[in-house]
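Remarks on the structure that follows.
Only the coordinates and a few stated rules stand behind these numbers; no lab work does. All figures in this text were calculated on a predicted structure; none of them were measured in a lab. Backbone-built Cβ (ideal geometry, glycine too); neighbour counts: all protein chains shown.
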Amino acid sequence: MADQVVFSSFNHRSLVRLAEVAPTIRRGVLYADDLVDPWDYAVGIGVQAVHPGGWLLRGRDDVPRFHAAGLGVRVWTIDEPDQIREAAALGVDAIITNDPAGARAALG
């Protein structure tokens with residue numbers, strides 16, 4: 001099932017260590033604070049995706065930069081329909097939510 005799993009953590013050192021012991025496992029860096037050039041940081045630590053808090057993408061043009069760096073973007077945790085639609089309009093690859101049915105309805 002390794003091709004169906006993405007390990008994600010706020011502990012970025014653990015993601016680097018995971019790459020050493022299981023290099024084929026996909027990893028995504030969770031973060032809740034603003035980072036300078038997070039696309040460079042994520043590539044530098046060898047993850048395949050970024051998982052920013054939803055508020056970190058609002059009013060920004062970051063998603064194309066992540067994609068240009070070869071990174072997936074899965075934003076967390078968004079439950080409000082307006083915020084779900086806003087994240088989708090930014091071009092994120094996935095939305096982490098507590099309400100999957102509500103998210104599907106919002107994206108209709």
Test set (1) without any contact (Cβ under 8 Å) to a residue 24 or more places away in the chain; (2) in contact with a strand residue (DSSP E or B) (Cβ under 9 Å, 6 or more places away or on another chain); (3) surrounded by 15 or more Cβ atoms within 10 Å (Cβ to Cβ) - LEU107 fails condition number: (3)
Test set (1) exposed (fewer than 15 other Cβ atoms within 10 Å of the Cβ); (2) touching a residue at least 40 places away in the same chain (Cβ under 8 Å) - ARG58 fails condition number: (2)
Hits in the stretch 1-42 (condition: assigned to a helix (DSSP H, G or I), over 13 Å from the mean Cα position of the chain (by Cα) and surrounded by 11 or more Cβ atoms within 10 Å (Cβ to Cβ)): HIS12, SER14, LEU15, VAL16, ARG17, LEU18, ALA19, ASP40, TYR41
Residues (under 14 Å from GLY72 (Cβ atoms) and out of contact with any helix residue (DSSP H, G or I) (no Cβ under 6 Å at 6 or more places or on another chain)) located in the stretch 26-46: ARG26, GLY28, LEU30, PRO38, ALA42, VAL43
